[in-house]
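Each value in this text was obtained by applying a stated rule to the coordinates, not by laboratory testing. This is a predicted model, so every value here is computed, not measured. Cβ sites come from the backbone with ideal geometry, for glycine too, and all protein chains shown count toward neighbours.
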Amino acid sequence: MKLFLNRFSALALLASLPLFSIQANFTDISASYEYGDAVIYVKAQGIVSGYPDGTYRPESTINRAEFTKIIVEAIAADNYGNESNCFSDVGSEWFAPYVCYAKSQGIIGGYPDGTFRPGNQINFVESAKIIGESLDVKASTSQNSDVWYGVYVDGLSAQKAIPVSISGFTHNVTRGEMAEMVYRLKASVNNKSSQSFASLNGEASVTTNTTTSAENVDEALDSIFSEFEDDFNDEENFDLNIDLEDESGSDQSSQVAGSEALPIRKYKDGTYTEDGVYESPGGTNTIAVTLIVESDMVEFAMTTEVYADSVSQGYITFFNGGLNEIVVGKSLVDLEIPQTINGSSLTSTGFNDALAKIKRAAQN
């Protein structure tokens, strides 16, 4: 249904809509979720879009490639170019333009061996550096400058932008925590409880406040409404498309997580990277295989060379080109790949070697 509204009527209507209509119906984000206001904000800003099944998966960890993409989307919109091959393990994959843009802007630097390691889970201090460099959130002076991440942690702490669920410097950041940090900084939300360098180091308690979750949702909505006002540019009227119900016509507020018994899962959710070894006419080759596993299903797969001869490197590229189509959406429990993918036959042996290790590491 298309409505023609003036600017004030539009804001009034948006404010009266149920929370789930505004947040684009993420089925796994309830009104009680501690970072729900942040997820609302980053979705409304176009920074995240969620998964095809309508979920956001806030408790899932996030890898370095995914995190970099989200931060670049937050600061550069669509103006990040189409660069590639900026690290030895970043070629022309989907994440290459984001990673290469971040490198060109001095946001990331990679590892001393010339790799970026896109499939590795990102921990808090790594994310603090990326956020600090991209949003200019660094402490000008720091009592903790004896460690490289001191200025970034202190910068986020000064903005009260470190969620209390982050338990330490090496804590693997979740999608919910990522949204929360971006929200607090982009929307200037500084009335929430926050960790500090000292509290993360076990030397002090968390900085707390008494702001209610309802007040936090109001803050998020205020930020969204202000974006609408910026876009109106003194025009009397504008077109607003609003879906008042989901596709089934049901009220989203009735969808409560946990209403049905969950199936027993064989593998733990997470991002896993293991090396696989195989022989080719050029000698022994080693590849790193990264899989993202959710509810026993493979959500993402990538193979990068650790050591391979020049001919094998080409076949690894061919192999990667057809890998996700075959693997993504399949159950890890009985995952098998064909011997030949896109003309590459020997790489499969290395993949299966790494796959066996991933299954052992992920097993519940």
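Structure notes:
- For segment 270-362: relative contact order, % (alpha-carbon pairs under 8 angstrom, 6 or more apart): 33
- Charge dipole magnitude, Cβ of K and R +1, D and E -1 - segment 270-362, Cα centre, debye nearest 20: 60
- Note on segment 40-101: Kirkwood radius taken over Cα pairs, Stokes-Einstein applied at 10 °C and 1.306 mPa s, translational D equal to 126 µm² s⁻¹.
- Prolate/oblate/rounded call for segment 90-208, Cα gyration tensor, a/c under 1.5 rounded: prolate
- Sorted peptide list for 348-359, 49-60, criterion being average Cβ within 10 angstrom, highest first: 348-359, 49-60
- Working note: Debye formula, equal point scatterers on the alpha-carbon atoms of segment 21-169, no solvent; log10 I(q)/I(0) at q = 0.09, 0.12 Å⁻¹ is -0.31, -0.56.
- Here is the tail figure for segment 270-362: Cα pairs spaced more than 17 Å apart come to 41 percent of all pairs.
- Mean sequence separation of contacting Cα pairs (under 8 Å, at least six apart), scaled by the length of segment 120-211, corresponds to a relative contact order of 27 percent.
- Highest to lowest packing among 309-316, 174-181, scored as the average C-beta count within 10 Å: 174-181, 309-316
- For Ile108, the amide hydrogen comes within under 5 Å of the amide hydrogens of Lys103, counting only partners 5 or more places away or on other chains and with H modelled in the peptide plane.
- Gln195 long-range amide H proximity, modeled H, under 5 Å: Ile162, Val164
- Extension gain (nm, one decimal) between Asp146 and Trp94, 0.36 nm per residue minus Cα-Cα: 15.1 nm
- Shape call, segment 57-138: gyration tensor on alpha carbons, a/c limit 1.5: rounded
- Within a straight-line Cα-Cα reach of under 28 Å, Lys266 can be paired with the following lysines, leaving aside sequence neighbours fewer than 8 residues apart in one chain: Lys330, Lys357, Lys359.
- For segment 144-201 versus segment 296-347, the gap between their alpha-carbon centres in whole angstrom: 36
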